[in-house]
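Every number here is computed from the coordinates shown, using simple stated rules; none is lab data. Note that the structure is a prediction, hence the values are computed from the model and not measured. Reconstructed Cβ throughout: ideal geometry from the backbone, glycine too, with neighbour counts over all protein chains shown.
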Amino acid sequence: IWKWFVFFCFSWLNPLLQLGQKHRLEKGDMYSVLPEDRSETLGEELQRCWNEEVKKASKELWKPQLSRVLIKCYGKSYALAGLFEFFLVCCEYLQLAPVLKQSFMHRSYLRFCAVFWPYYFR
């Protein structure tokens with residue numbers, strides 16, 4: 001089952017890896033970024049949240065906090081990634097990593113998922 005899961009998750013990456021074996025990758029070889037992941041879109045979202053925070057702070061007479069804005073904008077996705085990473089650390093501490101490696105998938109794949117998990121659940 002996990003072999004099929006890994007195949008479906010990473011089959012889109014095979015052409016890029018094959019191209020990278022033939023020659024050094026250049027900017028034009030890379031896939032384009034999703035519209036919701038562009039810096040303009042993320043910056044506008046952060047600006048909107050910041051403006052809301054400033055309005056709310058001026059009404060209630062306290063200073064706006066960037067940390068509150070970041071948590072409001074991106075907290076859910078990073079909390080989910082944090083829980084996943086916490087699960088991996090617990091498995092490592094309990095020495096379940098070898099069992100997981102044998103029965104499920106490689107540790108490097110799990111780290112890959114932990115890093116890119118927030119992008120799948122926005």
Item to check | Under the Karplus curve 6.51 cos²θ - 1.76 cosθ + 1.60, θ = phi - 60°, whole-Hz ³J(HN,Hα) for region 79-87, x wherever Gly or Pro sits | outcome: 5, 5, 5, x, 5, 5, 5, 4, 4
Checklist entry - What are the lysines whose alpha-carbon lies under 22 Å from the alpha-carbon of K72, with same-chain residues fewer than 8 places away excluded? => result K55, K56, K59, K63
Checklist entry - Each label point is 7 Å from the Cα along the Cα-to-Cβ direction; what then is the distance between the points at D37 and L94, in nm? => result 3.2
Checklist entry - With each pseudo-label sitting 7 Å past Cα toward Cβ, what's the K72-K56 distance in nm, one decimal? => result 0.4
Checklist entry - How many nm separate the modelled label positions at Q18 and Q65, each set 7 Å beyond the Cα in the direction of the Cβ? => result 5.2
